[in-house]
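Note sheet for the following structure.
The values are calculated or read from the model by the stated rules, or taken from the named source; none is laboratory data. Keep in mind that what you see is a predicted model, and the values were worked out from it rather than measured. With ideal geometry, Cβ positions are generated from the backbone for all residues, glycine too; neighbour counts draw on all protein chains shown. The area values use the complete protein model at the heavy-atom level, side chains included, leaving out ligands, DNA and RNA. Shrake-Rupley method; radii C 1.70, N 1.55, O 1.52, S 1.80 Å.
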Amino acid sequence: MKKEKLPLHQLLEAIDTPRFEGLKEHFTQLFTPTFLRKGRVLVDIGQVNNAIYFIKSGVIRSYYLKGSEDITSRLIAEGEIACVAESFFSQQESDEVMETLEDTMVYSISYEGYRKMAQEDILIAQLIIQLLEQRLVSFSERVRLFKYLSVEKRIEYYINQPYSLFRRVPDHYIATYLGTTSATFSRCLKTASFDKIQH
């Protein structure tokens with residue numbers, strides 16, 4: 001299986017090309033490197049997501065509440081983009097929490113910086129739009145795939161993917177992300193194949 005090139009890596013590679021030579025300094029001024037301790041809440045329910053994060057290292061989780069249970073909506077790690085999209089792009093209050101599951105290093109850009117860059121630097125704006133579109137397509141494909149797989153096959157598929165965080169984050173986070181319970185997740189692991197699944 002060919003491993004896809006992740007957004008942060010694409011961004012950094014593009015900025016190093018001659019095409020972006022005149023914009024590189026401005027770009028690095030807008031993107032702030034930040035170290036975040038494990039357990040840091042970046043966005044809470046009722047807050048507005050004011051920054052978008054490109055993860056250099058570490059893991060970030062987004063989740064929402066269903067009664068007394070928290071349900072994982074995203075698990076994202078190195079190279080990926082992290083934000084509560086509905087809150088960030090519309091600047092409305094978030095209905096999700098976004099937190100770090102490990103000590104995490106990110107490059108962050110504020111909403112104001114993002115909009116300013118999109119208006120002033122057309123090359124960078126086009127690049128970021130392309131990256132966000134790729135993420136949306138990738139996310140939609142995963143949702144569609146999970147919709148048509150049984151719970152057992154969904155778990156087996158996830159643990160065999162390059163982006164899988166199996167054994168890196170608690171199993172119950174992965175279980176709710178895949179739409180199942182911790183007990184079912186543990187049971188399915190006993191019979192799951194750890195070879196790459198053919199599609």
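Can you give me the solvent accessible area of residue 182 with a 1.4 Å probe, rounded to the nearest 10 Å²?
Surface open to solvent at residue 182 totals about 60 Å².
Order the peptides 101-107, 127-133 from the highest to the lowest mean number of other Cβ atoms within 10 Å of their residues.
101-107, 127-133
For residue 25 and residue 78, what does the FRET efficiency come to when R0 = 25 Å and r is the distance between their Cβ atoms, rounded to the nearest 0.05?
Calculated transfer efficiency: 0.50.
Taking amide H atoms as placed 1.01 Å from N in the peptide plane, list the residues 5 or more away in sequence, or in a different chain, whose amide H sits under 5 Å from that of residue 48.
Long-range HN contacts for residue 48: 94.
What residues of segment 34-63 lie in the reach of a label at residue 167, counting those whose backbone N is under 14 Å from a point 7 Å from the Cα along Cα→Cβ?
None, by backbone N distance to the label point.
Does anyone have the angle between helix 111-120 and the longest principal axis of the chain? Alpha-carbon axes, 0 to 90°, nearest 10?
Between the helix axis and the principal axis of the chain, the angle is about 50 degrees.
Before rounding to the nearest 500, sum -39500 (n - 2.57) across all DSSP H runs of length at least 4 in the chain and divide by the residue total; then give [θ] at 222 nm in deg cm²/dmol.
So the calculated ellipticity at 222 nm is -12500 deg cm²/dmol.
Enumerate the amide H contacts of residue 57 below 5 Å, restricted to partners 5 or more residues apart or on another chain; note that Pro and chain-start residues carry no placed amide H.
Residues meeting the criterion, in which the H sits 1.01 Å from N, are 105.
May I ask for the Kirkwood hydrodynamic radius of segment 1-131, worked out over all distinct Cα pairs and given in angstroms to one decimal?
One over the average 1/r among Cα pairs gives 15.5 Å for segment 1-131.
Under a 1.4 angstrom probe, counting protein chains only, how are 137, 169 ranked by accessible area, largest first?
The ordering from most to least exposed comes out as 137, 169.
Ordered by packing density, taken as the mean number of other Cβ atoms within 10 Å over each peptide's residues, highest first, how do 89-98, 11-20 rank?
89-98, 11-20
For segment 123-166, give the magnitude of the charge dipole about the Cα centre (Cβ charges: +1 Lys/Arg, -1 Asp/Glu; no others), in debye to the nearest 20.
100
Given points 7 Å out from each Cα along the Cα-Cβ axis, report the residue 110 to residue 89 separation in nanometres with one decimal.
2.3
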